[in-house]
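Reviewing the structure listed below.
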Amino acid sequence: MRTQSGATAAILAAAAVLVAAVDGATSHVVSGSTSRLPMGLSEVITDLEAEGAGNLATAAFLTSRSVCRSRRAVLFRSLFGVAGDGEEDHQVQDGSTTAFGKRMGGDDDEESTGAGVVVANACGRRSVAEVAATVQACGGTVVYAADVTDLDRGEGLFDALAPAVERYLASCADDGEGEMGSLGQAGRKSVLVVVLLEGSDSGKKEMAAARDKFEAAAAVMLSSIVQPEGKRCKALEEVFDRVEYVASTAAIPELLCATNGGAGCTDPATAASAVSSAVTDLERSGAAASCGLAKPVDLAAARRLGDASHGALKFVMSTVERATAAEDDGSASAAQLVPDFGALCDATVKRAMEDFDAQAGSLTKKSAVARRIRHDLLEEIYAELADLYDVQVRELRSATFVAFRKGLSQLRLGPNLPDEMNRVATESVAAFVSQAKKLRAHGRGGVALSWPASDAAASDFRRELKEFSTDRLNKARVEGKFRPAPRKGVSIGLHWLLPKPFGNDYRQDPWNVHAKDNLVYTPPDKITDVSKADVKTGDWRKSVVPNPTGSDMVYLQ
């Protein structure tokens, strides 16, 4: 593998030249496939060949763990220029389309000389073995979308890409028919296009920092995977012929066709041969053989547990989706709220893993590959359930907001209306937080959940209720239905104006002035102004209150 650095701008420029060279002609989607990968690639390759595409660039589309389903669906179309205005663009849908082909240029290109791009959607509900076989079938060319969250955490980046790299390296070391090390595939060049899903305010420095984080995590990944005997690859540039880092606005199909001067493309027969070889390896030995594991128990684990893993994932997702499907009552709700969604997920996963363990038997104790497949299955299941968890949180928020408005409608328009509205809002937020805890699963098998906590959602919900309450209160005040309660007066006690015999009115007896050293008298016990001695002598009235001030007052010391 050769290293190529600092060439992204040049490649994009070459892509622009390639687009201009077709003299205004438009690219378009030719066909899509819903067959299981990597077999679905053969159908698309055949359709592109029939459309006159003699040079094909095949690529597998992968994402990191934190890229949710909705964002992945948008990226699947936007990255490859599927705008939705073409006749066959409806065939490109994330979740159902496993592969699609795009004819580059117009229909007037000479037969068998036009270019085409074949994209395999290796995301979503794909087993690790399927993803690895798909990357092998695409000749090691991968378009990988890395989320900034996974880059910051340093995890969730290579859940599917690491096994794919293992299989691709093993295929490069194999010179069998259709393998990447064979003479028929010798001219193909592999490309890794890393799409950095940066924020809206990210600049060149942020992109460079994200690239450094990705390369550091890749170095750790390459040091831990199984590689063929001989020199170990320590960097991505040693695995792939070219590594490109681009933004999410880059023209990916044009970049794939222009890479290495078009060396990344191949003829349909060679591309079909690679797909056939990958399918054979997948059916024969699964992921273990592609990783170079020669132990019989590992080979048996890969053969037996590949389909079991796929079946367990399909069972869990279908069961949970069926339980949360929206009722056909004419409502606009996207899903049905399940109060115990977390318990439902844990119970469904438990049943699926029990069936998986029953099929595995003692393999999970004897084979490291079996344990790895089981752990990867759990992570993949909970990663897919995270999308449904987000939908449940939104449905809970909507239901709680409806209950909050119902509680406001039962309040009386009185002076204490603001306090009552705050009380109803506080109770609604508390109910949301309490119910949101039941939506979160606990996880199984030591797998750490990547589901977001409900704290942020509760804070945002509290702010929404406060704004709504303020608007309703202002509206009632403008309409004259609400008047705030008047403020209470302040009471002031003038203790030196006490009448006789509780005080000494010096206006009547100005000569009877007896004052202490301090104008304000404080008794020793801090409780009463009259001591026991004053009570016994009878002269206690002068100790009840301090002497008042006055212009005609005579103070005796």
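The values are calculated or read from the model by the stated rules, or taken from the named source; none is laboratory data. Predicted model only: the values in this text are computed from it and were never measured. Backbone-built Cβ (ideal geometry, glycine too); neighbour counts: all protein chains shown. For accessibility, only protein heavy atoms count, side chains too; no ligands or nucleic acids. Shrake-Rupley method; radii C 1.70, N 1.55, O 1.52, S 1.80 Å.
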- Item | Of all residues in segment 124-149 being under 15 Å from Phe240 (Cα atoms) and not in a helix (DSSP H, G or I), the one that is nearest to the chain's Cα centre (by Cα) | Tyr144
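Suppose we keep only residues that are closer than 14 Å to Val119 by Cα and assigned to a loop (DSSP other than H, G, I, E, B) within segment 75-94. Which one would you say is most open to solvent (accessible area, probe 1.4 Å)?
Here is the first cut: in segment 75-94, the residues closer than 14 Å to Val119 by Cα are 75-82, 89, 91-94.
From the residues that got through so far, the ones that are assigned to a loop (DSSP other than H, G, I, E, B) too are 79-82, 92-94.
Numbers: Leu79: 2, Phe80: 2, Gly81: 48, Val82: 10, Val92: 0, Gln93: 83, Asp94: 36 Å².
Among them, the one singled out is Gln93.
Looking only at segment 95-103, decide whether some residue is closer than 19 Å to Leu256 by Cβ and β-branched (Val, Ile, Thr).
Our first condition is that a residue be closer than 19 Å to Leu256 by Cβ; within segment 95-103, this holds for 97-103.
Within this subset, residues satisfying the condition of being β-branched (Val, Ile, Thr) are 97-98.
Yes, there is a match, as at least one residue in segment 95-103 is closer than 19 Å to Leu256 by Cβ and β-branched (Val, Ile, Thr).
Would you confirm whether or not segment 412-435 contains a residue that is within 30 Å of Arg351 (Cα to Cα), of a type in the set (Val, Ile, Thr) and at pLDDT 85 or above?
Of the residues in segment 412-435, the ones within 30 Å of Arg351 (Cα to Cα) are 432-435.
Pick out the ones that are also of a type in the set (Val, Ile, Thr) and you get 433.
In the following step, the residues that additionally are at pLDDT 85 or above were identified as 433.
Taking every residue of segment 412-435 in turn, at least one turns out to be within 30 Å of Arg351 (Cα to Cα), of a type in the set (Val, Ile, Thr) and at pLDDT 85 or above.
Could you list all residues from segment 240-258 that are more than 24 Å from the chain's Cα centre (by Cα) and more than 11 Å from Val191 (Cβ to Cβ)? If you could, list the steps in order and put the result at the bottom.
Keep residues of segment 240-258 that are more than 24 Å from the chain's Cα centre (by Cα), which gives 240-244, 251, 253-258.
Passing the criteria: Ala251, Pro253, Glu254.
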- Query: What residue, of Asp387, Asp355, is surrounded by fewer than 19 Cβ atoms within 10 Å (Cβ to Cβ) and either without any contact (Cβ under 8 Å) to a residue 12 or more places away in the chain or within 27 Å of the chain's Cα centre (by Cα) (or both)?
  - Reply: Asp387
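Residue by residue, here is whether (1) aliphatic (A, V, I, L, M); (2) at pLDDT below 90; (3) more than 23 Å from Ala170 (Cα to Cα) holds:
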site: Ala217; (1), (2), (3): yes, yes, no
site: Val220; (1), (2), (3): yes, yes, no
site: Pro228; (1), (2), (3): no, yes, no
site: Thr249; (1), (2), (3): no, yes, yes
site: Ala258; (1), (2), (3): yes, yes, yes
site: Gly264; (1), (2), (3): no, yes, no
- Task: Report whether or not Val424 is open to solvent by less than 40 Å² (accessible area, probe 1.4 Å) and β-branched (Val, Ile, Thr).
- Result: yes
- Count, please, the residues in segment 331-342 that happen to be surrounded by fewer than 15 Cβ atoms within 10 Å (Cβ to Cβ) and not in a loop (DSSP other than H, G, I, E, B). 0
- Message: Which numbered condition in (1) small (Gly, Ala, Ser); (2) loosely packed, with under 15 Cβ neighbours inside 10 Å; (3) modelled with pLDDT of 85 or more is the only one that Ala137 fails?
- Response: (2)
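For segment 112-123, give me each residue that is buried (at least 24 other Cβ atoms within 10 Å of the Cβ) and under 25 Å from the mean Cα position of the chain (by Cα). Spell out the reasoning first.
Narrowing segment 112-123 to residues buried (at least 24 other Cβ atoms within 10 Å of the Cβ): 115-122.
Selection gives Val119, Ala120, Asn121, Ala122.
Evaluate the following for Phe214: is it surrounded by 15 or more Cβ atoms within 10 Å (Cβ to Cβ), in contact with a Ser or Thr (Cβ under 8 Å, 6 or more places away or on another chain) and within 25 Å of Arg153 (Cβ to Cβ)?
Values: surrounded by 15 or more Cβ atoms within 10 Å (Cβ to Cβ): yes; in contact with a Ser or Thr (Cβ under 8 Å, 6 or more places away or on another chain): no; within 25 Å of Arg153 (Cβ to Cβ): yes.
Answer is no for this residue.
Do we find that Leu48 is outside any loop (DSSP other than H, G, I, E, B), of a type outside the set (Gly, Ala, Ser), under 22 Å from Pro268 (Cβ atoms) and open to solvent by less than 10 Å² (accessible area, probe 1.4 Å) in this structure? I'd like the intermediate steps shown before the answer.
Details: outside any loop (DSSP other than H, G, I, E, B): yes; of a type outside the set (Gly, Ala, Ser): yes; under 22 Å from Pro268 (Cβ atoms): yes; open to solvent by less than 10 Å² (accessible area, probe 1.4 Å): yes.
The answer is yes for Leu48.
Among the residues of segment 120-177, what is the count of those that are on the phi > 0 side of the Ramachandran plot and touching a His at 6+ places or on another chain (Cβ under 6 Å)?
Of segment 120-177, the ones on the phi > 0 side of the Ramachandran plot are 124, 139-140, 154, 156.
If we keep only those that are touching a His at 6+ places or on another chain (Cβ under 6 Å) as well, we get none.
Total satisfying the criteria: 0.
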- Every residue from segment 306-335 that is modelled with pLDDT under 85 and of a type outside the set (A, V, I, L, M): Gly306, Asp307, Glu327, Asp328, Asp329, Gly330, Ser331, Ser333
- Looking for whichever is open to solvent by less than 60 Å² (accessible area, probe 1.4 Å) and under 22 Å from Phe80 (Cβ atoms) here; the options are Leu197, Leu169. Which one fits? Leu197
- Task: Give Ser469, Ser459 a once-over and let me know the one that is in a helix (DSSP H, G or I), small (Gly, Ala, Ser) and without any contact (Cβ under 8 Å) to a residue 60 or more places away in the chain.
- Result: Ser459
- Message: Any residue in segment 408-435 that is farther than 16 Å from Lys466 by Cα sitting within a Cβ distance under 6 Å of a residue that is aromatic (Phe, Trp, Tyr) and surrounded by 17 or more Cβ atoms within 10 Å (Cβ to Cβ)? List the pairs, counting only those 6 or more apart or interchain.
- Response: Leu413/Phe482
- Filter segment 269-287 down to the residues that are at pLDDT 75 or above and in contact with a Leu (Cβ under 6 Å, 6 or more places away or on another chain), then identify the one that is farthest from Thr134 (Cα to Cα). Ala271
- Is it the case that segment 51-65 has a residue that's assigned to a loop (DSSP other than H, G, I, E, B), within 22 Å of the chain's Cα centre (by Cα) and either of a type outside the set (A, V, I, L, M) or over 25 Å from Glu379 (Cα atoms) (or both)? yes
